[in-house]
Amino acid sequence: MPDAAMSAGEVETVDAHLARVLGAVHPLAPVDEPLTAAHGRVLAVDVRSRLDIPRFDNSAMDGYAVRHSDVAAASAGHPVTLRVVAEVAAGGADDPAIGPGEAVHIMTGAPLPSSADAVVPIEHTDAGRDTVIVSVPPRIGAHVRRAGEDLRAGDPVLAAGVRLTAARVSALAAAGHARVVVQATPRVGVVSTGSELVTPGHPLARGQIPESNSLLLAGLVRGAGGDVAHIATVPDDESVLDDELARCLDAGLDLIVLSGGVSVGAHDVVRAALGELRTVGFHTIAMQPGKPQAFGMLRRDDETPIPVFGLPGNPVATAVSFEAFVRPALRRLQGAADVHRPRIVAVAAESWRVPRAKVQYMPVAVVTPAEAGPPGSAVDTRPRVRPATSGGSGSHLVGGLAAADGYAIVPAEVDEVRVGDPVTVMLVTS
Ligand SMILES: Nc1nc2c(c(=O)[nH]1)N[C@H]1C(S)=C(S)[C@@H](COP(=O)(O)OP(=O)(O)OC[C@H]3O[C@@H](n4cnc5c(N)ncnc54)[C@H](O)[C@@H]3O)O[C@H]1N2
Ligand code: MOO
């Protein structure tokens, strides 16, 4: 996707870069899955019921299937005695005939005998075996669950685009489906770059730090509905990264996310490895954090090109870049109509500084009005936010990021956020 802003120089807006990304990423073909693998997936087609639900008239109670006219006059003072001619349990295929003065012992879920028109619960009888005494008259149709009263065969069950919760998967099963067509789960590769990075928990020599971006990105990928199919950390060595990218291409991935090495340092290895390709662009975006961004397509031989992101390595910049660009791309791959996180308007409970001429993504904690104090009035119940990190939106403040519920998105033309100012917040906790 060579374009005018292929190499950094011109500063571009977040919206322009997002448009570039979404213009290059297309939904994957939907897949047919068994219901056992459907939970959490996004339905790709409208689904109708193949069955009536309930499938047949059946009893809602353990008791006796009766002819209403036999017991309509029953009362405690004048109970009616019926002959019990058969028993039907749930799953029973029998349809025993019930003549005048007769009843059938029936269990919850058992098909209602064709000649019955009411069920008397066992509590309204003497629970007899060969004969039963009915002391409370049922209504016509009492305790009968009618075929199709929930859904009729052919009725819509679910519309394309919904996420399949446990209840929705069970409704599909009840509606006679064994398989369902869902959006594909993108297979994603996550590669961290940096010679200073050490596996968490290992001893750290001078200059080394724990590698955290791959955990961050893997969790964010899963949260966006992707499958982390490949994960690696490589040193700042171009040939090692080249080999790793070849492995990614062999792994049949749908998207690759790299972190680190996109800036202008002497060892910025992603820039070195991908910069030679005419299909990957390096861009300067008017945002903080997240200024340097690489995006493009990688292709092996004549196979389908795979979107590749090179995100800045500073952990908060990595997180913000994922939310701004990678998550929308992942959602687009899954055919989602809305690729964005939910946003709310909240009130700043503290003031903070904003960089000039850049959209700021400030990690914020959402606090209750009581905790936040009274910036407006005591009755102002709008959610309040305060910076989650003590050092503002510095892109290295990975510890403080743990306290963030979202990012306050402050427009480029705003110089300062003051207590009481309304701010748009992208929520990321779900
Ligand atoms: N001369 C300039 N220097 C820098 C510029 C610039 O415009 N001119 N931009 C700065 C900005 S803004 C950012 S953001 C960073 C982006 O740098 P890189 O993408 O090349 O990232 P690295 O240099 O590899 O790492 C930056 C920082 O993050 C730490 N890091 C990296 N990966 C991980 C990881 N997987 N886990 C934990 N921490 C990681 C790394 O140790 C560095 O401290 O460039 C600025 N420089
Ligand atoms: O863009 Mo960098 O992310 O400001 O630190």
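Only helices enter the 222 nm calculation for the chain: every DSSP H run of n ≥ 4 contributes -39,500 (n - 2.57), and dividing by all residues gives -4500 deg cm²/dmol, rounded to 500. Here the relative contact order of the chain, from alpha carbon pairs under 8 Å that lie six or more residues apart, stands at 17 percent. Over the chain, the pair-distance histogram of Cα-Cα distances with 20 Å bins from zero comes to 21, 36, 21, 18, 4 percent, rounded to whole numbers. Ranked by the mean number of other Cβ atoms within 10 Å of their residues, highest first, the peptides 253-262, 359-368, 45-54 fall in the order 253-262, 359-368, 45-54.
Please report how far the C-alpha centroid of the range 101-179 lies from that of the range 190-213, rounded to the nearest whole angstrom. Measuring centre to centre over Cα atoms gives 61 Å. Relative to the longest principal axis of the Cα atoms of the chain, the long axis of helix 213-223 lies at roughly 30 degrees. Couplings 3J(HN,Hα) of the range 27-38, computed from phi: x, 6, 5, x, 10, 9, 10, x, 4, 5, 10, 8 Hz, in residue order, whole Hz [Karplus 6.51 cos²θ - 1.76 cosθ + 1.60, θ = phi - 60°; x for Gly and Pro]. Largest GNM mean-square fluctuation across ASP250, ASP150, ASP130, computed for the chain with C-alpha springs under 10 Å, falls on ASP130.
A simple packing score, the average count of other Cβ atoms within 10 Å per residue, orders the peptides 300-308, 12-20 as 12-20, 300-308, with the highest score first.
The separation of the range 234-293 from the range 300-356, counted between C-alpha centres, amounts to 16 Å. Can you give me the relative contact order of the range 58-145 as a percent, contacts being Cα pairs under 8 Å and 6 or more apart? Answer for the range 58-145 is 43 percent. Split the accessible area of the range 156-232 by element, probe 1.4 Å, and carbon with sulfur accounts for 59%.
If you roll a 1.4 angstrom probe over the protein chains with everything in place, what fraction of the accessible area of the range 1-126 belongs to carbon and sulfur, to the nearest %? The value for the range 1-126 is 55 percent carbon and sulfur by accessible area.
For the range 151-232, with only Lys/Arg (+1) and Asp/Glu (-1) charged at the beta-carbon, what is the dipole magnitude about the Cα centre, in debye rounded to 20?
For this selection, approximately 280 debye.
Summarising the strand pairing of the range 58-145, around 75 percent of its internal DSSP beta bridges are antiparallel.
Charging the Cβ of each Asp and Glu at -1 and of each Lys and Arg at +1, and nothing else, the dipole of the chain about its Cα centre rounds to 680 debye.
Residues whose amide H comes within less than 5 Å of that of GLY226, counting only those at least five positions distant or on another chain, are absent (H built at 1.01 Å from N in the peptide plane).
Pairs of Cα atoms nearer than 8 Å and 6+ residues apart set the relative contact order; for the range 124-235 it is 22 percent. GNM on the chain, alpha-carbon springs under 10 angstrom: the most fluctuating residue among VAL25, VAL191, VAL414 is VAL414.
Residues whose amide H comes within less than 5 Å of that of ARG299, counting only those at least five positions distant or on another chain, are ILE306 (H built at 1.01 Å from N in the peptide plane). In a GNM of the chain with a 10 Å cut-off on Cα contacts, which of HIS177, HIS283, HIS143 has the highest mean-square fluctuation? Answer for the Gaussian network model of the chain: HIS143.
Beta bridges assigned by DSSP with both partners in the chain are antiparallel in approximately 65 percent of cases.
Ordering ALA118, ILE285, PHE325 by Cα displacement along the dipole of the chain toward the positive end leaves ILE285 in first place; charges were set at the Cβ atoms of Lys, Arg (+1) and Asp, Glu (-1). Can you give the angle from 0 to 90° between the axis of helix 238-250 and the longest principal axis of the chain, with both taken from C-alpha atoms, to the nearest 10? Roughly 20 degrees between the two axes. Summarising the amide proton neighbourhood of PHE309: residues at separation of 5 or more, or on other chains, whose placed amide H is nearer than 5 Å comprise ILE256, VAL257, LEU258. Angle of helix 14-24 to the longest C-alpha principal axis of the chain, folded into 0 to 90 degrees and rounded to 10: 60°. Accessible surface for the range 96-181, divided over its residues, is 48 Å² per residue with a 1.4 Å probe.
The values are calculated or read from the model by the stated rules, or taken from the named source; none is laboratory data. Quick caveat, the model's predicted, so the values are computed rather than measured. So basically every Cβ, Gly included, is an ideal-geometry build from the backbone, and we count neighbours across all protein chains shown. These area figures cover heavy atoms from the full protein model, side chains too; ligands, DNA and RNA do not enter into them. Shrake-Rupley method; radii C 1.70, N 1.55, O 1.52, S 1.80 Å.
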